[in-house]
Amino acid sequence: MSDKSYTPPKIWTWEKEDGSQFSKTNRPISGPTHEQALPVGEHDLQLYSMATPNGQKVTIMLEELLEAGEKAADYDAWMIHIGDGDQFSSGFVGVNPNSKIPALMDHSHNPPIRLFESGSILQYLADKFGRFVPEDLIAKTECRNWLFWQVGSAPYLGGGFGHFYNYAPYPMEYPINRFTMETKRQLDVLDKHLSFNEYMAGEEYSIADMAIWPWYGGLVLGKLYDAATFLQVDEYKHLQRWAKQIAERPAVQRGVIVNKTWGDDAQLKERHSKADVTKALKG
């Protein structure tokens, strides 16, 4: 049902409970709601996250670095329950004043370096370890192009299509149509690009793939919003090929389960060692 009778008020006021899934935690002001320090494990890299697509970008990157032999990429991953408002603790806000996951602290520096925004974290880790950004100037530029394409495009998929199709308190025709159209346009952009590129930056797997795959790979593989049939994702053959190819990577299979506590697949609430992931995958 669509409400066509709504007229915006002259002055907007905050309704704390609007019936949507996240209305208890969404609010129009920033800053902490409660005092609580963040836990710190034994590794230099301390991740505070949840296995949403944005969170999976970073755990995939960290697992890929470990797969490549970068021992200093070992990390502790602590669960941040965004539905419970953990992102508004004083400790988390101190790492990310925007109160969004993922957030990362690098304790190999003194003072430690805080990192927030998944694209920034991917670039930081790529620079730190010299991995997953092509050296060739053209390919490197393509990697950055597509990384920032994801940063700018995914809100239309998540906050737009995902919200109104999956989370809104009741179906609304106009926003569902609007964001479905935009989501399919984005899928077509990716499909056409991947028709002549193995990966987003060309022949080399990169942080651009790690950024895009949890959102758009998850969507076409039926892992996101249960919307594969609605969006007719089978028509995007090249995007499907790429999504399946990345899904087969062992590091990706490990990364997607970290900080996950829902669904039928393997789950791992917190990660502190390789053994944690191995155990979770074996069930």
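Summary table
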item	result
Candidates PHE196, PHE164, filtered to the one that is modelled with pLDDT of 95 or more, farther than 18 Å from MET61 by Cα, in a loop (DSSP other than H, G, I, E, B) and out of contact with any Ser or Thr (no Cβ under 7 Å at 6 or more places or on another chain)	PHE196
Qualifying residue in segment 159-180 (condition: in contact with a Leu (Cβ under 8 Å, 6 or more places away or on another chain) and surrounded by fewer than 20 Cβ atoms within 10 Å (Cβ to Cβ))	yes
Scan of segment 35-64 for residues that are of a type in the set (Ser, Thr, Tyr) and either assigned to a strand (DSSP E or B) or not assigned by TED's automatic domain parsing to the domain that holds ASP106 (or both), ordered by number	TYR48, SER49
The lone exception for TRP215 - which of (1) closer than 18 Å to SER49 by Cα; (2) in contact with a Ser or Thr (Cβ under 7 Å, 6 or more places away or on another chain) it fails	(2)
Conditions (1) farther than 22 Å from LYS71 by Cβ; (2) without any contact (Cβ under 8 Å) to a residue 60 or more places away in the chain; (3) surrounded by 13 or more Cβ atoms within 10 Å (Cβ to Cβ): number failed by LYS260	(2)
Single residue of GLY119, GLY91, GLY83 found to be assigned by TED's automatic domain parsing to the domain that holds THR278, out of contact with any strand residue (DSSP E or B) (no Cβ under 7 Å at 6 or more places or on another chain) and at pLDDT below 95	GLY83
Segment 230-279, residues that are of a type in the set (Lys, Arg) and either assigned to a loop (DSSP other than H, G, I, E, B) or closer than 20 Å to HIS193 by Cβ (or both)	LYS237, ARG241, LYS244, ARG249, LYS269
Qualifying residues in segment 98-148 (those that are in contact (Cβ under 8 Å) with a residue 24 or more places away in the chain, among the aromatic types (Phe, Trp, Tyr) and not in a loop (DSSP other than H, G, I, E, B)) - the one surrounded by the fewest Cβ atoms within 10 Å (Cβ to Cβ)	PHE148
Residue list for segment 210-229, filter: touching a residue at least 40 places away in the same chain (Cβ under 8 Å) and part of a helix (DSSP H, G or I)	MET210, ALA211, ILE212, TRP213, PRO214, TRP215, TYR216, GLY218, LEU219
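The values are calculated or read from the model by the stated rules, or taken from the named source; none is laboratory data. Just so we're clear, the structure is a prediction, and the values are computed from it rather than from any experiment. With ideal geometry, Cβ positions are generated from the backbone for all residues, glycine too; neighbour counts draw on all protein chains shown.
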